[in-house]
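None of the figures in this text is laboratory data; all of them are computed from the coordinates on show. Computed from a predicted model, the values in this text were never measured in an experiment. Neighbour counts run over all protein chains shown; Cβ positions are idealised from the backbone, glycine included.
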């Protein structure tokens, strides 16, 4: 954790003097560890001292070595994504965020560089991911307790390991947690080109569930439609194509969906509601348009719709850690088998601020940016 | 049923000629019933041939006698309310409504006037209510199948019997069907002066559940507040009193509510959402302001609110009839014991159109109008 790194740094300086004055003689063998502390390499990090616009408050700095304690693992990072929630944390608007100052990032994967004296299950060279996600992954070397690292199959593509928790796991849980879907059922979603959207299409397809997908009107929407259909999408519509009296007349052989996913808000959320069948459920997991969801009284009373939200953080608690890692291994297995894939753009760490600008939407629509260290 | 009455009327005319031509001789004793059909009195009714504004499309007419068939019961009506859904049915905007032409009204109570030959459980003089509610109660004499009449304790106040299903039952079910409330919990509702609102306060109080009540800003809101507090309301606020940064600071000793009821929409619905605790549920059962419900993305994701609707009609199906009647008897028992009461204004049938104008809001805020025949 970034702030922990700083606190550690200060405490190292404090205690090292203290230690010297108390213990004049360095002993050889077993006890030497206590005095010659195992230290991490220095780390190049995306650092911020204040909340604000991410492109102005973040800077790349060099952090000093930190002590690798008995249960710590030091990982040389290989990949870490820029997620919308990372941006919101830097802006200071995300409810769960690290204290300042902080290093950005929350998800990531890398290889073990060195381990503390009490670490048995991990060794240098092991491929690992941060699990559950936790602050400070946008840096070259991360030191965290062993419980926060999950060992991976060596053939796992590192950019997928770095991104599998926040988005694909959201897709998996949303398909499981709200409506008991059966083969042949359908779901509807907006923001279908998002990473979650792409995963929803593929994970639904694997279960024989149809998907109705809503995307924005923009140049390139034909290509986007083609891409989603190649992933297994049954129907893809732009918002303007749905500006018709009865959207359900467009469903063809796809049944009316019992479940809808909304990560946009505003009109795109209303379109999801229009597609839902009597008694259907819409799950909101994002608000890209920064517009609220608007629902008529009759949608509640006569169409009997239910609206609820999905917050992945509730799955990332310590008591669900084992269950979560099993799901991540399942998803990474699908990825290794080529059954689950999604668009990413790999950005060298040296070009972090360009990748950040792309994530902020300053350079038009762009795929998910993943930093490669 | 009004339309049934008309169909019956036509078919009587049709078959009576037919009968005459086929059966020249009238037999005495047992079989006489088949030829000398038991007939209802003529009925004075609120009748409409087309959908439209209720004050212009309804007229009072005299309907001819109809046959009382073997399983029919003819009831001299004593009381029937004007509910918003009755108005919406006449306007043609309510999804469940009788075919045209029709007699208005859906709830009501009266005394049995005469019964068909196969009716055992009801006798002339019995106090009964229409259960489940069904079309055509705004008339002096109603003929319906015996299964649609529920016999009542003779001491039941008739204006309560006539109104207990649509509003008090809604209050009872909404307190039961969505959140497992325990003694000491709280709920929040808007439209608290409505009949449902008054019942929610009293039924919650009987279970030791606190109520936070939101009412409109209008002259007389102080008196309305006093009335609701006398019914057992813990807190009563006008909408403008809630125009503060943190509505929860107004809660005092009342806990944050897990459940909210919305029958208004717009700002009044947003206020219910503001009061709800983390993970709370808002149930929409009406939309008096004719404005939609607006919900922020963060309410779904971070506050984990769920929104759903309540539609009483789902409880008024034949397979739930027995269960429903038990609940109605429970509510009518509370009423007889003085534990449940609500504001009504009794209107003589001769002044129906004044009562209708009051129900349409043309004469300012008025209590529920109940026609007395």
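Give me the Å³ per residue figure for the convex hull around the C-alpha atoms of the protein assembly as shown.
Roughly 207 Å³ of hull volume per residue.
Within 10 Å of each Cβ of A:307-315, how many other protein chain Cβ atoms are there on average? Working shown, then result.
Details: counts 10, 9, 13, 3, 6, 1, 2, 2, 0.
Across A:307-315, the average partner-chain Cβ count within 10 Å equals 5.
To the nearest 0.05, how large is the calculated FRET efficiency for residue B:42 and residue B:217 if R₀ is 60 Å and r is the Cβ-Cβ distance? Each step should come with its number before you reach the end.
Values: r = 48 Å, r/R0 = 0.80.
So the FRET efficiency works out to roughly 0.80.
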For segment B:116-175 and segment B:210-250, what is the centre-to-centre distance using only Cα atoms, to the nearest Å? 34
To confirm my reading of the symmetry, which residue of chain A has the Cβ nearest the axis that brings A onto B, and what whole-Å distance does it have? A:307, 2
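Arrange the peptides B:223-233, A:103-113 so that the one whose residues have, on average, the most other Cβ atoms within 10 Å appears first.
Working: B:223-233: 16.5, A:103-113: 24.6.
Packing order, densest peptide first, comes out as A:103-113, B:223-233.
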One decimal, nm, shortest first: give the distances between the label point of residue B:353 and those of the same position in the other copies, each label point 7 Å from Cα along Cα→Cβ. 7.8
Restricting everything to alpha-carbon atoms, can you work out Rg to Rh for segment A:265-370 with a Kirkwood hydrodynamic radius? 1.07
Extension gain from residue B:183 to residue B:227, taking 0.36 nm per residue of separation minus the Cα-Cα distance: 13.5 nm
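Please figure out what share of the DSSP beta bridges in segment A:86-241 is antiparallel and state it in percent, rounded to the nearest 5.
40
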Which distance in nm do the two modelled labels at residue A:302 and residue B:145 give, with both placed 7 Å along the Cα-to-Cβ direction? 2.6
Compute the angle between helix A:2-22 and the longest alpha-carbon principal axis of chain A, please, reported from 0 to 90 degrees and rounded to the nearest 10. 10
Answer rounded, prolate or oblate for segment B:168-313, using the Cα gyration tensor with square roots of eigenvalues a ≥ b ≥ c: rounded when a/c is under 1.5, else prolate when a/b is larger than b/c, else oblate. rounded
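What's the average, rounded to a whole number, of partner chain beta-carbon atoms within 10 Å of each residue's beta-carbon in A:275-284? Don't jump to the answer; show the numbers that get you there.
Details: counts 0, 0, 0, 0, 3, 0, 2, 2, 2, 8.
Average per residue, whole number: 2.
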For chain A, the longest principal axis of the Cα atoms and the Cα long axis of helix A:168-177 enclose an angle in degrees, to the nearest 10, of 50
Counting alpha carbon pairs within less than 8 Å and at least 6 residues apart, what relative contact order, in whole percent, applies to segment A:168-313? 22
Copy-to-copy label separations for residue B:208, where each label sits 7 Å from Cα toward Cβ, in nm and ascending: 5.0
What distance in nm separates the simple spin-label points at residue B:155 and residue B:250, each placed 7 Å from Cα in the Cβ direction? 4.1
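When you look at the Cβ of every residue in B:285-298, what mean number of other chain Cβ atoms sits within 10 Å?
Details: counts 3, 3, 5, 1, 1, 2, 3, 9, 9, 5, 9, 7, 17, 8.
Mean inter-chain Cβ contacts per residue within 10 Å come to 6.
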For chain A, average projected area of the Cα convex hull in nm²: 20.1
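What is chain A's relative contact order, in percent, from Cα pairs under 8 angstrom and six or more apart in sequence? Before the final figure, lay out the partial values.
Numbers: 732 pairs, mean separation 53.8, N = 373.
Normalised by residue count, the contact order of chain A is 14 percent.
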Compute the label-point distances linking residue A:302 to its equivalents in the other copies; points lie 7 Å from Cα along Cα→Cβ; give nm, one decimal, shortest first. 3.6
Nearest 10 degrees, 0 to 90: helix A:221-231 Cα axis against chain A principal axis: 80
What order do you get for B:65, B:350 when you list them from fewest to most C-beta neighbours inside 10 Å? B:350, B:65
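Rounded to the nearest 500 deg cm²/dmol, what is the calculated helix-only ellipticity per residue at 222 nm for chain B, with -39500 (n - 2.57) per DSSP H run of length n ≥ 4?
Rounded to the nearest 500, the figure is -8500 deg cm²/dmol.
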With r defined as the distance between the Cβ atoms of residue A:274 and residue A:118 and R0 fixed at 60 Å, what FRET efficiency is calculated, to the nearest 0.05? 0.60
Looking at chain A, send over the antiparallel percent of its DSSP beta bridges, to the nearest 5. 55
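Students often check this: by mean Cβ neighbours within 10 Å, which of B:150-159, A:163-172, A:237-246 ranks highest, and how do the rest follow?
Numbers: B:150-159: 16.7, A:163-172: 24.9, A:237-246: 13.9.
The most tightly packed comes first, giving A:163-172, B:150-159, A:237-246.
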